[in-house]
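Every read-out reported here was derived from the displayed coordinates using simple, explicitly stated rules and does not represent laboratory data. Small disclaimer: the values here were computed from a predicted structure and weren't measured. Backbone-built Cβ (ideal geometry, glycine too); neighbour counts: all protein chains shown.
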Amino acid sequence: MKTSNPVLARLGQAAERERAAGYAPAGPYGQPGHGQPYPTAAGYPAAPPTVAPMTIDDVVVKTVTLLGVTGLSAAAAWVLVPDALLGITMIGSAIVGLVLGLIISFSRMANPALIVGYAVIEGVFVGLVSKFFQVVAGYQGIVLQAVVATFGVFFLMAGLYKLKVIRATPKFTRGLIAAMAGVFAVMMINLVLALFGVDTGLRSGGPIAIIFSLICIVVASLSFVLSFHEVEEGVRLGLPQRYSWVAAFGILVSLIWLYIEILRLLSFFQGDD
């Protein structure tokens, strides 16, 4: 089984090793798969494998679970964190979330506890950012608008991918990864300059800020295509069920990024009223 994605290729090789040790994807109606027979001893049939292959339903369930955890954590942070600690808690949760996200992304660890922990931390960050825009900055209704827009974009991208209007071709994947790396680098540079009092205009609400936010929204939206492709390929490669957590994590990251950027863009327009 071949794939153009090096991460999926590595995970596929791991799945092959598991099958060689006695794991085989289930066939129709839960019957054993035909790619690798189960080991037998003394002529007796072996017990069914304990490791099941990943399915799209697994990813959907895990994604909904992570969204639920993120939402509950966001609501708790909104209610429990006092305004006096809003800034420092927001910054702290952003840093911790970034570190956890990088660990999960680069290690590709299928660790449910770590991924759920990321959802909790990001929920705190999302809740406090939302509270800042709606309560502190006074942009009434902005959170609901951003939530509706975020899920609207998500379902639109899901529909386009399902209809094969947009596909994760090797050229598309390379270009989008380069764009994501470029956007992330610009964000980091802008953050460092802001710490030294330099205003680049990327987050100040002017024309440059609006254009940059639109670019971020487009890139974040297109990142769903990579997530959908990862799920599709993971199912095709017969990856173990635990990797559905990794796929759900990728979708959650894109949703949070898209939500924050839409929230910021809406604040630019409301600020002009």
note = The ³J(HN,Hα) series, computed from each phi in the stretch 212-227 with the Karplus coefficients 6.51, -1.76 and 1.60 at θ = phi - 60°, rounded to the nearest Hz and given as x for glycine or proline, is 5, 5, 5, 4, 4, 5, 5, 5, 4, 5, 5, 5, 4, 4, 5, 5
Of the chymotrypsin sites (Phe, Trp or Tyr not before Pro) in the stretch 183-273, those whose Cβ has at most 12 other Cβ within 10 Å and which sit in DSSP loop = F196
inquiry  = Residue by residue through the stretch 252-267, what is 3J(HN,Hα) from phi via Karplus (6.51 cos²θ - 1.76 cosθ + 1.60, θ = phi - 60°)? Round to whole Hz and write x for glycine and proline.
reply    = 4, 4, 5, 5, 5, 4, 4, 4, 4, 5, 5, 4, 5, 5, 4, 5
Length gained when the stretch A179-I88 is fully extended (0.36 nm per residue, less Cα-Cα span) = 29.7 nm
task = May I ask you to derive the relative contact order of the stretch 215-273, considering only C-alpha pairs under 8 Å and at least 6 residues apart, and to give it as an integer percent?
result = 54 percent
task = State, as an integer percentage, the relative contact order of the stretch 164-236 based on alpha-carbon contacts under 8 Å between residues 6 or more apart.
result = 41 percent
request  = Extending each Cα 7 Å along its Cβ direction at R242 and Q140, get the distance between those two points in nm, one decimal.
outcome  = 5.1 nm
ask   = Which loop trypsin sites (Lys or Arg not before Pro) in the stretch 141-179, with loop taken from DSSP, have no more than 10 other Cβ atoms within 10 angstrom of their Cβ?
value = K164
Karplus (6.51, -1.76, 1.60) ³J(HN,Hα), θ = phi - 60°, over the stretch 90-100, in Hz, Gly and Pro reported as x = 4, 5, x, 5, 5, 5, 5, x, 5, 5, 4
key: Relative contact order, percent, the stretch 51-271 [alpha-carbon distance under 8 Å, six or more residues apart]   = 37 percent
